[in-house]
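Here the structure comes first, spelled out in structure tokens, and everything after it is commentary.
The values are calculated or read from the model by the stated rules, or taken from the named source; none is laboratory data. Every value quoted in this text rests on a predicted model; they were computed, and no experiment measured them. Counting neighbours? That spans all protein chains shown, and the Cβs are built from the backbone with ideal geometry, glycine included.
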Amino acid sequence: MTPPSFPRRAFISASLLSGTAAALLSACSSGKSKNNNAPTQMFTWVSSESDRAQWQAFVDAVKETDSSFKLDFSGPSYNDYYTKAKTRMTAADAPGILTTQAARTKELVGIMEPLNDLIKKHGVDTSVFNKAMIEGMTVDGKIYALPYDAEPCVMFYNRQSFKAAGLKEPTTKYTYAQFLSDMKALTAGGKVGMAIKPNLMDNAPGAFAYANGATALDDKGNLSLTSSAFVSSVQKAFDLAAVNGYAKAPSASDGDEVAQGAFTSGQAAAIIDGPWMYATFAEQLNDNLGVCVIPSDSGQAIGVIQGSGFGIGKNCPDKDAAFKNIMKLVSPEVIGKVARTRGTVPSIGSQIDGWAEGKPAGNVEAIKFLLDHGTALVTPANWNQIVTSFTQYCPEGYRGSRTAADILKDLQESAG
């Protein structure tokens, strides 16, 4: 079909209009148009009412001393967050503030503003924050977010189960040999010692690796899943199910709630998870909830610390105003109040007492030890691909059909 002919004047007018529209679209897509409300808007994950309540707790805590403070927050579920952030934060009406996990900061550096100059300008003392968390928020010498929590991976255990088995409760010098002995004693009558999830981190494989000094990246920033320490530690986790029978092999499709439910119901005496699960587990186990360090070969565990923080979008039109709001969100007073009301382990050590209120001394001691002897979970930009693949293949390791060396070699090579 031949397109209709246009008068020359109409053609020129249409061309001009088309060019104008294209320019407008270009301006919008480049994120250069100003959103004057950006410094008071935050893009974050809102997976549940619990997430919403957490962000509101920060706002409410600031308002206690600054009634004029305003911060509107919105966002997708956590699972969609890192993908959608890269689109949302480049839009013309993008919020000025966003959140990131330390472990995944590298994924977002293209849309985040380095904070070093603003930190210097406003005299922020970053030494008050957990050292591992600041390291986790730093990429190539530039700090991209200020942390609000610092959550070391721990082993939760049922104190009553340990007592019934005639076992001493673990201390901060918990060796892997003692751990195996305990798991053997706790595996009886259809119950197992350890509940296992199909995850790399917040779970036995990654926690064992870090406790023994292994890390996801080497000193040069290269992926190091095939280091001898990492491989042997992951194999130890696999052997809990495949060799010793002290755990049940998970399915790749299992959500965290499967293993967590086994723990809280008494079908498993222990589980490795993050402190963010403390309140949930305590609701079920009450005073029987114990917390200890991750077992290690030497008994001198190194904690793997995860956490999140607040950063500024690269396209924010008033970065100074946004940073001033972040300063309010991470002040010691606000961090302490949120730790007390929401149970987040604070990124500022002086505020740990707020989190510790009402908790057994031994549980608090384990958290403090791991915070003082921990390292940040620092990962490559394609970490999500790696952990997703681990979830898919790890059941074969727990069933004994593949070794940790084999699975980790495949992950290392496919990650590039």
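Screening the stretch 205-225 for residues that are more than 24 Å from residue 140 (Cα to Cα) and not aromatic (Phe, Trp, Tyr) and picking the one that is farthest from the chain's Cα centre (by Cα) gives 212. Screening the candidates 33, 77, 50 for the property of being of a type in the set (Ser, Thr, Tyr), surrounded by 15 or more Cβ atoms within 10 Å (Cβ to Cβ) and modelled with pLDDT under 95 yields one hit, 33.
Looking only at the stretch 345-365, decide whether some residue is of a type in the set (Phe, Trp, Tyr), under 19 Å from residue 138 (Cα atoms) and in contact (Cβ under 8 Å) with a residue 12 or more places away in the chain.
Looking through the stretch 345-365, none of the residues is of a type in the set (Phe, Trp, Tyr), under 19 Å from residue 138 (Cα atoms) and in contact (Cβ under 8 Å) with a residue 12 or more places away in the chain.
Counted as qualifying within the stretch 166-266 are the helices (runs of 4 or more DSSP H) with 1 or more residues that are under 19 Å from residue 410 (Cβ atoms) and of a type in the set (A, V, I, L, M), namely 204-211, 228-242.
Name the single residue, out of those in the stretch 363-407 being of a type in the set (A, V, I, L, M, F, W, C) and in contact with a Phe, Trp or Tyr (Cβ under 7 Å, 6 or more places away or on another chain), that is nearest to residue 86 (Cα to Cα). Explain how you work it out, then say what you get.
Of the residues in the stretch 363-407, the ones of a type in the set (A, V, I, L, M, F, W, C) are 364, 366-367, 369-371, 376-378, 381, 383, 386-387, 390, 394, 404-405, 407.
Next cut, in contact with a Phe, Trp or Tyr (Cβ under 7 Å, 6 or more places away or on another chain) only: 404, 407.
Details: 404: 34, 407: 31 Å.
The selected residue is 407.
Which numbered condition in (1) assigned by the TED database to the domain that holds residue 167; (2) assigned to a helix (DSSP H, G or I); (3) among the β-branched types (Val, Ile, Thr) is the only one that residue 334 fails? Failed condition: (1). Residues satisfying the criterion are absent from the stretch 259-272 (criterion: in contact (Cβ under 8 Å) with a residue 24 or more places away in the chain, out of contact with any strand residue (DSSP E or B) (no Cβ under 7 Å at 6 or more places or on another chain) and surrounded by fewer than 22 Cβ atoms within 10 Å (Cβ to Cβ)).
Note on the stretch 73-92: residues that are in contact with a helix residue (DSSP H, G or I) (Cβ under 8 Å, 6 or more places away or on another chain) and within 19 Å of residue 39 (Cα to Cα) total 8. Selection of the stretch 339-349 for residues being buried (at least 24 other Cβ atoms within 10 Å of the Cβ) and either assigned to a helix (DSSP H, G or I) or aromatic (Phe, Trp, Tyr) (or both) yields only 339.
Taking the stated definitions as given, is residue 186 in contact (Cβ under 8 Å) with a residue 24 or more places away in the chain, over 23 Å from the mean Cα position of the chain (by Cα) and surrounded by 22 or more Cβ atoms within 10 Å (Cβ to Cβ)?
When the stated conditions are applied, residue 186 passes them.
Among the residues of the stretch 113-127, are any touching an Asp or Glu at 6+ places or on another chain (Cβ under 9 Å), in the same structural domain as residue 325 (by the TED database), at pLDDT 95 or above and exposed (fewer than 15 other Cβ atoms within 10 Å of the Cβ)? Looking through the stretch 113-127, at least one residue is touching an Asp or Glu at 6+ places or on another chain (Cβ under 9 Å), in the same structural domain as residue 325 (by the TED database), at pLDDT 95 or above and exposed (fewer than 15 other Cβ atoms within 10 Å of the Cβ). Inspect all residues belonging to the stretch 245-256 and state whether any of them is at pLDDT 95 or above, surrounded by fewer than 24 Cβ atoms within 10 Å (Cβ to Cβ), in contact with a strand residue (DSSP E or B) (Cβ under 6 Å, 6 or more places away or on another chain) and hydrophobic (A, V, I, L, M, F, W, C). Scanning the stretch 245-256 turns up no residue that is at pLDDT 95 or above, surrounded by fewer than 24 Cβ atoms within 10 Å (Cβ to Cβ), in contact with a strand residue (DSSP E or B) (Cβ under 6 Å, 6 or more places away or on another chain) and hydrophobic (A, V, I, L, M, F, W, C). Just to be sure before I move on: is residue 318 touching a residue at least 12 places away in the same chain (Cβ under 8 Å), of a type in the set (Asp, Glu) and under 30 Å from residue 193 (Cβ atoms) in the structure I sent? No; evaluated as a whole, the condition is false for this residue.
Filtered by the rule that a residue be buried (at least 24 other Cβ atoms within 10 Å of the Cβ) and closer than 17 Å to residue 371 by Cα, the stretch 210-233 gives 210, 211. Checked against the criterion of being on the phi > 0 side of the Ramachandran plot, touching a strand residue (DSSP E or B) at 6+ places or on another chain (Cβ under 8 Å) and at pLDDT 95 or above, the candidates 299, 309, 336, 290 yield just one match: 299. Pairs meeting the criteria (first residue in the stretch 42-61 and without any contact (Cβ under 8 Å) to a residue 24 or more places away in the chain, second residue among the basic types (Lys, Arg), beta carbons under 9 Å, at least 6 apart or on different chains) are 50/342; 59/70; 60/337.
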